[in-house]
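Please treat every number below as a calculation from the coordinates, not as lab data. The structure displayed is predicted, hence computed values, not measured ones. Heads up, the Cβs are rebuilt from the backbone with ideal geometry, glycines too, and the neighbour counts pull from every protein chain shown.
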């Protein structure tokens, strides 16, 4: 993973939530959340099922408009239209077309998600090699196992450099070696000046601030 | 070197549609079956068939267009691609337009190509064959764009296909009226061809310009 470390670090980036309130239907899941992440910082969101971890991440990525408050992404001193435009979002499904090969999927996302001024990242084959699954490049994604699909989804984070990674349960379906790979990837990203917001149940081996959702209910 | 996002999207759509196999061939086979059934129901009256032939071809094309539309955005919604496209730099309206163009290329265009062959089965005159084909070429983009609005509105529904048809078919009536009158006018000396044909072209151009905004708005709302 040294080739990634040698890359120019990300320009100054900040992810700021101010008074962020998110609603799902008529349920208030996140209320008055404030945080400010800068280069090299990570935020880990924990909490029991159904306390709004995924909702928070979708709100940060801009898929869910906030009921109140706002999410701001600042990139090289300029305000972006939303933090989503600076972010890689990895949700419960990886966004791969089952009928296309892993390589074709990654090529597509490379041209779709590349940010101007940040270079082109790894090639799909290099990224798959780094994720330990070079043999799946030519296979349709429909034939892959859940863990292999996950690795193809994670390879997307390497092919188009984006400063903010928003990861929803990134460890799902990964074996022990895969979890080590992911932790190394996350550390490299932070070292290069990236930002990470991850929702997880299993601990991630990175230095990060913690946000525990639903703790109010526990305290009450 | 990475190709521009929109051409990459177009290629991806065409590849996925061809590899799944459904898409174009399914639509054409459905079109063929509809056109074949009608003479059985109406009987072997060649004059009657050639008189109503353009209308039959148009109705069959309309139904065949609806066939594959429900998956247009639903597949992307289910595999998470739709969310990721929202984080890209490309405006969703352009993504929608390119997806619809690719969809038309694999499903609409084969119908246009097959129409003159299937028209022979309905005893159409050469002029009428030409009229049907050229009117389908001008009109199927409008059908596809209207259908895309229905597909976007039903993107989160598991069995949204029927609801989509109910939403879209009434909107398609103007296209059907001018399409059939242009097709029918091609072999008649009394009715003009150009007037309905130009209105049909206008309908296609108007939906091409306006529908992407409606579709993108619906998709943004549905992705919440």
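If you average the C-alpha positions of segment B:125-174 and of segment A:21-42 separately, how far apart do those two centres end up, in angstrom?
42 Å
Using DSSP, restrict attention to beta bridges with both residues in the protein assembly as shown and report what percent are antiparallel, rounded to the nearest 5.
50 percent
Determine the principal axes of the Cα atoms in segment A:78-141, then give the extent along each, sorted from largest to smallest and rounded to whole angstroms.
Principal extents (largest minus smallest coordinate, Cα): 41, 24, 18 Å.
What's the angle, to the nearest 10 degrees (0 to 90), between helix A:176-191's Cα axis and the longest principal axis of chain A?
That helix lies at roughly 70 degrees to the long axis.
Provide, for q = 0.09, 0.13, 0.18 Å⁻¹, the log10 of I(q)/I(0) from a solvent-free Debye sum over equal Cα point scatterers in chain B.
Debye output, listed in q order: -0.37, -0.74, -1.25.
For segment A:44-166, list log₁₀ I(q)/I(0) at each q in 0.11, 0.12, 0.19 Å⁻¹, using the Debye formula over Cα point scatterers of equal strength and ignoring solvent, two decimals each.
At q = 0.11, 0.12, 0.19 Å⁻¹ the computed log10 ratios are -0.42, -0.50, -1.05.
Nearest 10 degrees, 0 to 90: what angle lies between the long axis of helix B:173-185 and the longest principal axis of chain B (Cα atoms)?
40 degrees
Considering chain A, what Rg and Dmax in Å follow from its alpha-carbon atoms?
Cα only, chain A: 17.0, 53 Å (Rg, Dmax).
Which semi-axes, in whole Å and largest first, does the equivalent ellipsoid of the protein assembly as shown have when worked out from the alpha carbon gyration tensor as the square roots of 5 times its eigenvalues?
Listed largest to smallest, the semi-axes of the protein assembly as shown are 49, 22, 19 Å.
Using only the alpha-carbon atoms of segment B:14-55, report the extent along each of the three principal axes, biggest first, to the nearest angstrom.
43, 16, 10
Using a Gaussian network for chain B with springs between C-alpha atoms less than 10 Å apart, which of these wobbles most: B:28, B:180, B:113?
B:113
Cα extents of segment B:28-132 along the three principal axes, largest first, in whole Å?
So the three principal-axis extents are 58, 25, 15 Å.
Cα-Cα pairs above 15 Å in segment B:160-206: how many percent?
50 percent
Over all directions, the average projected area of the alpha-carbon convex hull for segment B:79-126 comes to how many nm²?
Answer in nm², one decimal: 4.9.
Rounding to the nearest 10 and keeping the result within 0 to 90°, find how far the Cα-based axis of helix B:92-103 lies from the longest principal axis of chain B.
On a 0 to 90 degree scale, this one is about 40.
Would you look at the GNM of chain B, springs on alpha carbons closer than 10 Å, and say which of B:191, B:87, B:140 moves the most?
B:87
For the pair residue B:206 and residue A:35, what calculated FRET efficiency results from E = 1/(1 + (r/R0)^6), where r is the Cβ-Cβ distance and R0 = 41 Å, to the nearest 0.05?
Numbers: r = 47 Å, r/R0 = 1.14.
So, using R0 = 41 Å, E works out to roughly 0.30.
Over the C-alpha atoms of segment A:14-54, what are the Rg and the largest Cα-to-Cα span, Dmax, in Å?
Cα only, segment A:14-54: 11.7, 36 Å (Rg, Dmax).
Can you bin every Cα-Cα distance in segment B:91-169 into 5 Å intervals starting at zero and give me the percent of pairs per bin, rounded to whole numbers?
3, 15, 19, 18, 18, 12, 9, 5, 2, 0
Cα centroids of segment A:151-220 and segment A:66-139: how far apart, whole angstrom?
About 15 Å separates the Cα centre of segment A:151-220 from the one of segment A:66-139.
Evaluate the relative contact order of chain B (contact order divided by residue number), counting alpha-carbon pairs under 8 angstrom at least 6 apart; express in whole percent.
26 percent
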